[in-house]
1. Considering only the other residues whose Cβ falls under 12 Å of the Cβ of residue 99, what net charge follows from Lys and Arg at +1 and Asp and Glu at -1?
2. Using only Cα atoms, figure out Rg for the stretch 3-112 and give it as a multiple of 2.2 N^0.38 Å.
3. Could you please state how large a percent of the accessible area of the stretch 61-115 is carbon and sulfur, counting protein chains only and using a 1.4 Å probe?
4. Find the relative contact order for the stretch 3-112 and round it to a whole percent, using C-alpha pairs within less than 8 Å whose residues are 6+ positions apart.
5. Run the numbers on the stretch 1-52 and let me know its relative contact order in percent, using alpha-carbon pairs under 8 Å that are six or more apart.
6. Where a Cα-Cα gap under 25 Å defines reach, which lysines qualify for residue 104, not counting those fewer than 8 residues away within the same chain?
7. Using the Kirkwood formula on the Cα atoms of the stretch 51-90, what hydrodynamic radius do you get, in angstrom to one decimal?
Amino acid sequence: MVIKVFLASSSGSTAIKKKQQDVVGFLEALKVDYTQLDIACNEENRMWMRQNVPEEKKPANGIPLPPQIFNEEGYCGDYDTFFDAKEDNSVYAFLGLPPPPGSKEAEQADKAHIVENGNHADENLDDSIEVPEEERNGDAHVEEEQAEEADEEGGEGGEEEEAEEEAADGEAADEETAGDEAPAEAEEEAVEETDEAQAEEEEQEEEAE
C-alpha cells in the first residue's frame, strides 16, 4: 500500500504551503512510506485528485485544494481530517495502516479491542454453575456450623444440669422433712414418759393412804 500526498509545489498560498509541510513532516517523523504527487506541474495528477475526492468531501466550489491524502485509490482525507487524526493519536487508522507495536495508537487499539469483545476474566464466569456453600462463604460457613453445634451441646448439657439440680433439691427437701419429724417424735415420747411418771406417783400416794 502506497500513501499518496497530492501537493502544489508552486502554490502562492502560504496557508496551503504550511499545511503541506505539516503533513509531509509528520509522515516522515512516523517513517511512513509515501509518494508526493505535484498537481501544479502535472495536469494528470490534478485531474486524478479532483475526480477521486468524494463529492461530500469537496468544498462548495467543487475544487478540492491540496494537500489531499490517499491510500492507493482509497481516499483518506484532507488536511483538516489529518490534523484531527493527529490530535487523537489515530493517524495510522486515518491512513488505513496497522499501527506499529508499542505505539500509543497500538495500545489504544488493544484496549478498544478488549472492551469491545469483553475479554475480561471476570466476565467469562458462568453464573449458572453452582458453587458449594462452603466455597462461597469460606471460613464464615464453617464458623457458623461450629457455633450451631456448640449451641446444641450446650442445650443438652443444660438439661442434664437442670435434672441434677432438681434431684439435689429433692434430696435436700427429704432431709429437711426428716429433720422436722425427729423432734416431733421426741416430744411425743417425752409427753408419754411424763404421763407415766404422774400415774406412778398417783398410785404411790393412793397406796400410802
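1. Working: positive: 104; negative: 105, 107, 110.
Combined, the nearby Lys, Arg, Asp and Glu give -2.
2. This ratio for the stretch 3-112 stands at 1.09.
3. Working: 1710 of 3030 Å².
Carbon-and-sulfur percentage of accessible area, whole number: 56.
4. On the way: 120 pairs, mean separation 30.1, N = 110.
Averaging sequence separation for qualifying contacts and normalising by length gives 27 percent for the stretch 3-112.
5. Taking the mean separation of contacting Cα pairs over the length of the stretch 1-52, I get 50 percent.
6. Cross-link targets: 4, 19, 31, 86.
7. Values: mean 1/r = 0.0925 Å⁻¹.
This gives a value of 10.8 Å.
The values are calculated or read from the model by the stated rules, or taken from the named source; none is laboratory data. Keep in mind that this is a model prediction, so the values were computed, not measured. In this analysis, Cβ positions are derived from the backbone assuming ideal geometry, glycine residues included, and neighbour counts consider all displayed protein chains. These accessible areas exclude ligands, DNA and RNA; they are computed on the full protein's heavy atoms, side chains included. Shrake-Rupley method; radii C 1.70, N 1.55, O 1.52, S 1.80 Å.
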